[in-house]
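Novice: Sharing a structure with you now.
Every number here is computed from the coordinates shown, using simple stated rules; none is lab data. These numbers were taken from a predicted model, which means no experiment stands behind them. Quick reminder, even Gly has a Cβ in these numbers, built from the backbone with ideal geometry, and neighbours come from all protein chains shown.
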Amino acid sequence: MNQKIIALITFGFFGKEFLDAISISVSNEFQCSVIIKESRIDFGDFYDSGRRQYNANKFLMAVDTMIVPDSTKVIGLCSIDLFIPIMTFIIGQAQLGGKTGIASMYRLGNEQYGLKPNDALLLERFIKEIIHEIGHTFGLIHCFVPNCVMRSGSYVDDIDQKDRQLCSNCRTKIGLE
């Protein structure tokens, strides 16, 4: 995967140390360079007042139109409540075998579940979700290896049970082993 560049586009505020940790994890997992770009977008264009959530399909399409020179993959990072019509909520979404994905922190914080905030756990969950969505852009489908980051997971409990790495089967499929 030489010469691959993954762009992380942030929408909203993310601390530098937080983004640096994500960047290092993504770079290590996919053996590539990572660039971080700040951007602004009118999330009102994606808001569904009936659901009081944001349409992930529309957000993904908007991120897909953003050009980041030399990037192989582009992942939009946000902290809004995302949905797709067939699900109550989603944490992330990506074009299978495409260039673009999105990931949201909104439902990853302990506060959403009446628990005490835990910034380290929030970061860990977000890294796993980002790596999972990037995996989809490289053509990986959901994996059945229990601790593989590509295992399907819609809830934080699912995410917590996974590692932040691809299993050896998934790594082989995308040429990392």
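Novice: At a 4.7 angstrom Cβ threshold, list every cysteine in the chain that has nobody to pair with, or say none.
Specialist: 32, 78, 170 - these cysteines have no disulfide-compatible partner (Cβ-Cβ under 4.7 Å) in the chain.
Novice: Suppose the Debye formula is applied to equal point scatterers at every Cα of the chain; what is log10 I(q)/I(0) at q = 0.10, 0.12 Å⁻¹?
Specialist: Taking Cα atoms of the chain as identical point scatterers yields -0.35, -0.51.
Novice: Would you grab the residues whose amide H sits under 5 Å from the one on residue 35? Only those 5+ places off in sequence or on another chain, please, with H modelled 1.01 Å from N.
Specialist: Result for residue 35 returns 6, 7, 8.
Novice: Sort 71, 23 by Cβ crowding within 10 Å, fewest neighbours at the top.
Specialist: Sorted ascending by nearby Cβ count, the order is 23, 71.
Novice: Rounded to two decimal places and with Rh computed the Kirkwood way over Cα pairs, what is Rg over Rh for the range 1-98?
Specialist: Values: Rg = 14.1 Å, Rh = 14.4 Å.
Reported Rg/Rh (Cα atoms, Kirkwood Rh): 0.98.
Novice: Here is a further query. Considering the chain as a Gaussian network with a 10 Å cut-off on Cα pairs, which listed residue, 30, 126, 43, attains the greatest mean-square fluctuation?
Specialist: Residue with maximal mean-square fluctuation among 30, 126, 43: 43.
Novice: Continuing with the same structure: Could you run the Karplus curve 6.51 cos²θ - 1.76 cosθ + 1.60 with θ = phi - 60° over the range 37-45 and give me ³J(HN,Hα) per residue in whole Hz, x for Gly and Pro?
Specialist: 10, 8, 8, 10, 8, 8, 5, x, 5
Novice: In a GNM of the chain with a 10 Å cut-off on Cα contacts, which of 47, 155, 113 has the highest mean-square fluctuation?
Specialist: Result: 113 has the largest fluctuation of those listed.
Novice: Moving on to the next point. Provide the gained length on full extension for the span residue 33 to residue 118, in nm with one decimal, where the gain is 0.36 nm per separating residue minus the Cα-Cα distance.
Specialist: Roughly 27.8 nm would be gained on extension.
Novice: Could I ask something else about it? Between 116, 37, 128, find the one with the highest GNM mean-square fluctuation for the chain; connect C-alpha pairs within less than 10 Å.
Specialist: Sorting by GNM fluctuation, first place goes to 116.
Novice: Rounded to a whole number of µm²/s, how large is the Stokes-Einstein D of the range 91-177 at 10 °C and 1.306 mPa s, given Rh as the Kirkwood radius over C-alpha pairs?
Specialist: Details: Rh = 13.1 Å.
Roughly 121 µm²/s, to the nearest whole number.
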